[in-house]
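The values are calculated or read from the model by the stated rules, or taken from the named source; none is laboratory data. Worth saying up front: this structure is predicted, and the values here are computed from it rather than measured. Neighbour counts are summed over all protein chains in view; Cβ atoms, including those assigned to glycine, are modelled from backbone coordinates with ideal geometry.
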Amino acid sequence: MEPVDMTMYGLEKIAFIAVLTIGLAILAYEIYFYLRLLLSFKPERRLDNPLKRVKKLFTFVFGQRRLLDQIAMGSAHFMIFWGFIIISFGTLTFFGKGFSAGFRLP
């Protein structure tokens, strides 16, 4: 069942785009502020062992390895983390439908 399209001369889409633009402008300013702060620090060698770093990324960030050592708290954190990852796909779909009613993720 498709929702009823209640746009009045595209005003809802204009409001959506306006709010989204304001939000993206604030995000861009914050990124600029923190990037400028980070670039003021002394450079560090982080590209020395890329394969090892990518493996650690998947192990510790996506796999939540260190947290899973503590069974109760770690498993709860693991579920919350992946729950938010799944919810973010719903949010992405929501924003996509703001631009195109038939938008869906594969």
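Quick look at the numbers
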quantity	calculated
Residue in segment 57-98 that is surrounded by the most Cβ atoms within 10 Å (Cβ to Cβ), counting only those that are touching a helix residue (DSSP H, G or I) at 6+ places or on another chain (Cβ under 8 Å) and closer than 27 Å to A18 by Cβ	G98
Qualifying positions in segment 15-73 - among the aromatic types (F, W, Y) and within 23 Å of the chain's Cα centre (by Cα)	F16, Y29, Y32, F33, Y34, F58, F60, F62
Criterion: out of contact with any strand residue (DSSP E or B) (no Cβ under 8 Å at 6 or more places or on another chain), farther than 29 Å from P106 by Cβ and not aromatic (F, W, Y) - qualifying residue of I26, I80	I26
Candidate set: segment 1-54, residues that are within 20 Å of G96 (Cα to Cα) and among the acidic types (D, E); chosen: the one modelled with the highest pLDDT	E12
Qualifying residue in segment 59-78 (condition: closer than 30 Å to K13 by Cβ and of a type outside the set (F, W, Y))	no
Qualifying residue in segment 58-65 (condition: modelled with pLDDT under 80, within 27 Å of P106 (Cα to Cα) and of a type in the set (F, W, Y))	yes
